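Where a number appears in this text, it was derived from the coordinates with a stated rule and is not lab data. Computed from a prediction, not measured in an experiment: that's the story for all the values here. Every residue, glycine among them, receives a Cβ derived from its backbone with ideal geometry; neighbour counts consider all protein chains shown.
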Amino acid sequence: MAVVPVARAPETVLLSTVPALPRDEVVTDLRPPLRRALLAGAGVLVLVLAVVGTVALRHRPSGLEPARGAATTGAPAPTGTPSPSGPASPGIAMSAAGPTSGPASSGTGGGLVAASRGATALAHRFAAPTTVDGGGTEWTGQPVVVANSVVYSSSPDRPPPTARWQLGWDEGHLYVYAVVTDQTVTGVDPTHPELGWKGDSVSFEIGRWLDQVHTTVLESGDSHVIVGLVPPDRAVLARNVPRGGSLVAGPPLTGVDYHVATRPDGYTVEASFPWSGLGLSSPRDGTSLALNLDAGDAVDSGPRRGELATMVSTNPDRTSNDAKSRPHWGMLLLTG
């Protein structure tokens, strides 16, 4: 039989275009192109699968995205100027890590460094909600931490205040009791509660305990809570929240029960703060929080009356409350 010459099929030919050949026809010239076509098709399929896999990996959930919680309000550093902030969000679950271990920051700012853990305070659990009446009897036997480290002073000749803090907690609230020694109680401006830290006041920075934090942005859930005195027995409350690396005026504090009383050598403050109002949730025995306990004292006479004279803290490294000082915040340990 005469051999019929067959033209070489192009390597990109589709299998459906290859003509049917008689059983005894010579087909050796078609096999390499067919094999190459199959290999080329397989290569394209592998490339498509690789691209799809890469896209899927880039868009998968990281598992580290933080719950977006209420940033709790914190006043700016003594030289800062607060500005309005947006509404609060649901609370962020607290860290259950012990005093020597905890999660790292889940924020997006740079400058991630290890937290140094300043002064540690303890808060014992109350078996039942305590009565906020200023009497102080339920605080007998509770641990005391003293705020007496001067972290700001514009009046070095003026005796600084001291504040004896006690803390407690239950599932719904953080309880505080502060006895402040202050030679002259001067009221704050009640129209600007977010600036209460500038006058006679007690305040605390609080947030989740994190083993590593940023130095360029504050963490979600950080806040500065302020109780500014309006003698003789009133106060204005504020909660300042993070905006970038600073703390600015936040939404009003709600659900807070407090009692303020002046005395010859100063004043007392007792208060209960709902965890939800602090932007936090799910407290339990062994929970660690970041915390500084502070007290402010205003100039009480002259043209500077009402301006901040001195601030003391339980944390001697609390020279400001912006992101640069966040690694040096102290610790609060909740115990059962």
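Numbers at a glance
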read-out: Counted charge near T181, where neighbours are those whose Cβ lies closer than 15 Å (Asp, Glu -1; Lys, Arg +1); value: -3
read-out: Vicinal HN-Hα couplings computed from phi for the stretch 312-327 (Karplus, 6.51 cos²θ - 1.76 cosθ + 1.60; Hz; Gly/Pro x); value: 10, 8, 6, 10, x, 8, 7, 7, 7, 10, 8, 5, 5, 8, 4, x
read-out: Net charge over other residues, Cβ less than 13 angstrom from the Cβ of G172 (K, R count +1; D, E count -1); value: -1
read-out: Label-point separation in nm, T137 to T335, each point 7 Å along Cα→Cβ; value: 2.5 nm
read-out: Residues with amide H under 5 Å from that of A309, placed H, sequence gap 5 or more; value: D297, A298, V299
read-out: Summed residue charge, Cβ within 14 Å of G134's Cβ, Lys/Arg positive, Asp/Glu negative; value: -3
read-out: Spatial separation of Cα centroids for the stretch 122-179 and the stretch 268-332, in angstrom; value: 11 Å
read-out: Extension gain, H192 back to S154 (0.36 nm per residue minus Cα-Cα distance, nm); value: 11.6 nm
read-out: Three-way shape label, the stretch 92-335, alpha-carbon gyration tensor, a/c 1.5; value: oblate
read-out: Computed FRET value (nearest 0.05) for V146 with A261, which takes r as the C-beta separation and R₀ as 22 Å; value: 0.65
